[in-house]
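Data block below; observations after.
The values are calculated or read from the model by the stated rules, or taken from the named source; none is laboratory data. For clarity, every value in this text was computed on a predicted model and none was experimentally measured. Reconstructed Cβ throughout: ideal geometry from the backbone, glycine too, with neighbour counts over all protein chains shown. For the accessible areas, the whole protein counts, side chains as well, though only heavy atoms, and no ligand, DNA or RNA atoms are used. Shrake-Rupley method; radii C 1.70, N 1.55, O 1.52, S 1.80 Å.
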Amino acid sequence: MYEIFLRTAWYALKPRARIVMLVLRGLQITRIVRKLSGRYKLLSVNVVRTTNNLPCIVVVEKLAVDELRESIKAQLAYFNQYVNVSPEIYHAIHNEDIDEHT
């Protein structure tokens, strides 16, 4: 449920926007944020002492640019010159245009 929330929130948030969540599974949300690395930065996780459980206050920030994804896209565009894939086919496969000037 946390992952679905973060994936959906990605489209609604502006770059550098923050989300503060009170979660029951702090370690699970940490793994999810790491899985979504490039989209969010984990700013803090603080355990809160309550009567029966130990929830966490988690603060994440949406990153403006997914640098890893952009790096991979640039490398694919560069190496595209060595394979026989037309820009039209590339667009059909990846639903993105090739920046041939990179």
From (1) surrounded by 13 or more Cβ atoms within 10 Å (Cβ to Cβ); (2) of a type in the set (A, V, I, L, M, F, W, C); (3) over 12 Å from residue 59 (Cα atoms), pick out the condition that doesn't hold for residue 23. (3)
Evaluate the following for residue 88: is it among the charged types (D, E, K, R), modelled with pLDDT under 80 and open to solvent by 60 Å² or more (accessible area, probe 1.4 Å)? yes
Please pick out the residue among 77, 17 that is at pLDDT 90 or above and not charged (D, E, K, R). 17
Can you report the number of residues in the range 38-68 which are open to solvent by less than 90 Å² (accessible area, probe 1.4 Å) and either touching a strand residue (DSSP E or B) at 6+ places or on another chain (Cβ under 9 Å) or part of a strand (DSSP E or B) (or both)? 18
Mind listing just one residue for me: the one in the range 1-20 that is within 16 Å of residue 55 (Cβ to Cβ) and assigned to a strand (DSSP E or B) and, of those, most open to solvent (accessible area, probe 1.4 Å)? 20
Just need a number here: residues in the range 69-85 that are part of a loop (DSSP other than H, G, I, E, B) and open to solvent by 100 Å² or more (accessible area, probe 1.4 Å). 1
Quick check: is even one residue across the range 22-30 among the hydroxyl-bearing types (Ser, Thr, Tyr), free of Cβ contacts under 8 Å to residues at least 60 places away in the same chain and not in a helix (DSSP H, G or I)? no
Restricting to the range 26-37, name every residue that is more than 13 Å from residue 65 (Cα to Cα), open to solvent by 40 Å² or more (accessible area, probe 1.4 Å) and either touching a His at 6+ places or on another chain (Cβ under 9 Å) or not charged (D, E, K, R) (or both). 27, 28
Does residue 69 fit the bill of being within 18 Å of residue 6 (Cα to Cα) and of a type in the set (Lys, Arg)? yes
